[in-house]
């Protein structure tokens, strides 16, 4: 049950994060990355936690870095889901 909730939240937060990146909403990028980092830490999903932490602390003006980290987060979420 906890795993299902985590996966559901991650799917929702990826959508929110993608929208924030598209809109260059730097405050919300930080907000969603922070939420994802905490949730991933609780589930010991280390790759998601690491990339979310990096995005949370990244220079949001560096669009290439932001997009790379978003891609890494999305890939890590999909890899995590594929394990179950």
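Details
Each row is one residue, and each column tells you yes or no for (1) surrounded by 12 or more Cβ atoms within 10 Å (Cβ to Cβ); (2) assigned to a helix (DSSP H, G or I); (3) in contact with a strand residue (DSSP E or B) (Cβ under 8 Å, 6 or more places away or on another chain).
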position	(1), (2), (3)
48	yes, yes, no
52	yes, yes, no
55	yes, yes, no
60	yes, no, no
64	no, yes, no
70	yes, yes, no
75	yes, yes, no
81	yes, yes, no
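- Listed conditions (1) touching a helix residue (DSSP H, G or I) at 6+ places or on another chain (Cβ under 7 Å); (2) on the phi > 0 side of the Ramachandran plot are all met by residue 44, apart from (1).
- Residue 21 being touching a helix residue (DSSP H, G or I) at 6+ places or on another chain (Cβ under 6 Å) and in a helix (DSSP H, G or I): yes
- Some residue of the range 58-69 being within 9 Å of the chain's Cα centre (by Cα) and at pLDDT 95 or above: yes
- Residues satisfying the criterion are present in the range 30-38 (criterion: closer than 16 Å to residue 76 by Cβ, in a helix (DSSP H, G or I) and more than 9 Å from the chain's Cα centre (by Cα)).
- When residue 12 is tested against the conditions (1) surrounded by 14 or more Cβ atoms within 10 Å (Cβ to Cβ); (2) part of a helix (DSSP H, G or I), the lone failure is (1).
The values are calculated or read from the model by the stated rules, or taken from the named source; none is laboratory data. Predicted, not measured: the structure shown is a model, and the values here were computed from it. So basically every Cβ, Gly included, is an ideal-geometry build from the backbone, and we count neighbours across all protein chains shown.
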